[in-house]
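The values are calculated or read from the model by the stated rules, or taken from the named source; none is laboratory data. All values reported here derive from a predicted model rather than from experimental measurement. Positions of Cβ are backbone-derived with ideal geometry, glycine not excepted, and every protein chain shown enters the neighbour counts. Just so you know, the surface numbers come from the protein's heavy atoms only, side chains and all, with ligands and any DNA or RNA stripped out. Shrake-Rupley method; radii C 1.70, N 1.55, O 1.52, S 1.80 Å.
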Amino acid sequence: MTGVRVELAGVTKLYGTGVDAIVAANDVTVNIEPSSITAITGASGSGKSTLLHLIGAIEAPDKGRIRVGKKEITSVGTRGLVKYRRTLGFVFQRYHLLPTLSALDNVIAPVLPFRTTFDKAARGREMLDLVGLGGRENALPGQLSGGQQQRVAIARALVGQPTLLLADEPTGSLDSVTCAATLDLLIRIRAEFGMTMLIATHEQDVAALADRRLHVRDGRIVQDIVADDSHEGKASVEAVAAD
């Protein structure tokens, strides 16, 4: 796997119309370096999840352009978007595991409808081993702890060898110990596979491990902080909008 560059230019997303419209993304322009970890921070409702949904083509912007790698996803048709989504990995706070499927079947579910160059079951077991759940292939989600379920969700996100991994509050439902273990796992996965990683979070411990932090308020990026070599962040762009 290799990471991709992510570029947003003048991206705007509205929910509703007229005076009641909510601006979830407000003229966002940003470039994300390939193979980097970027944390998108902000209060609830600030627009951080919307940015992930736009980049992941779960939603379409009302204005602006989004380019991921060599593909401008805002100008491709439905088939192009389906193909594009297959290059992504998604991790969500709520896991979204199917309760009647085993851990292995949950992991390989995203690739089951497609022809692949790899053995799906073997790849699924490999991904479960990677996240520390080797031997639990046959366990149902209800037989796993919250942290283990999140690891299954991470394995599922990796099964298609994504070039971009999008994680929306991936530690929001976990206790502090399990949260730290999950973060260590994500860092190790990026180091091993090199995909670009975007993490939406309100937790500072999560954001502190990123190469870059984008702080969002009212749909705008108001602060851009790039970590230095000692991982102590330094501000590169400061907000100009008033609180």
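To the nearest 20 debye, what is the magnitude of the charge dipole of the chain about its Cα centre, counting +1 on the Cβ of each Lys and Arg and -1 on the Cβ of each Asp and Glu?
Values: 27 positive and 27 negative charges, 227 e Å.
The calculated dipole for the chain is roughly 1100 debye.
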What the Cα atoms of segment 1-145 span along the principal axes, largest first and in whole Å, is 53, 32, 28
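Checking the a/c ratio against 1.5 first, then a/b against b/c, what shape does the Cα gyration tensor give for the chain? Mind dumping the intermediate values first?
Values: a/c = 1.74, a/b = 1.41, b/c = 1.23.
Prolate is the answer for the chain, as a/c is 1.5 or above and a/b outweighs b/c.
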Given a 10 angstrom Cα cut-off, can you work out which residue in 18, 147, 219 is the most mobile in a GNM of the chain?
18
Whole-Å distance linking the alpha carbon centroid of segment 94-155 with that of segment 71-91 is 23
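Residues of segment 1-149: accessible area per residue at 1.4 Å, in Å²? Intermediate results must be reported in sequence, preceding the final value.
Details: 7800 Å² over 149 residues.
Here the residues of segment 1-149 average 52 Å² of exposed surface.
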Between residue 175 and residue 2, what length comes free when the chain is fully extended (0.36 nm per residue of separation minus the Cα-Cα distance, one decimal in nm)?
59.2 nm
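Considering Cα pairs under 8 angstrom that are at least six residues apart, work out the relative contact order of segment 16-96 and quote it in whole percent. Show your work: numbers first, answer last.
Details: 36 pairs, mean separation 14.4, N = 81.
About 18 percent, as a whole number.
Within the chain, what whole-number % of the accessible surface is contributed by carbon and sulfur, with the 1.4 Å probe and all protein chains included in the calculation? The partial results should precede the final answer.
Details: 6050 of 11990 Å².
The nonpolar share, carbon plus sulfur, comes to 50 percent.
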Along the principal axes of its C-alpha atoms, what lengths does segment 1-78 span, in descending order and rounded to whole Å?
44, 31, 18
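Just for the chain, what percent of DSSP beta bridges are antiparallel, to the closest 5?
Numbers: 24 of 43 bridges.
Here the share of antiparallel DSSP bridges comes out near 55 percent.
For the chain, what number of Lys pairs, 8 or more residues apart or on separate chains, have alpha-carbon atoms under 19 Å from each other? If you can, show how the numbers build up before the last one.
On the way: 13/48; 13/63; 48/63; 63/71; 70/83; 71/83; 83/120.
Eligible lysine pairs with Cα atoms under 19 Å apart amount to 7.
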Among segment 1-34, those whose backbone N falls under 16 Å of a label point 7 Å along Cα→Cβ from residue 81 are 12-15
Quick one: length gained pulling residue 44 to residue 94 fully straight, 0.36 nm per residue minus the C-alpha distance?
16.4 nm
Given the options 192, 126, 72, state which has the largest fluctuation in a GNM of the chain using a 10 Å cut-off (strictly under) for Cα springs.
192
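Hey, with R₀ at 51 Å, roughly what FRET efficiency would residue 202 and residue 119 work out to, going by the Cβ-Cβ distance, to 0.05?
Taking R0 as 51 Å, the efficiency between residue 202 and residue 119 is 0.85.
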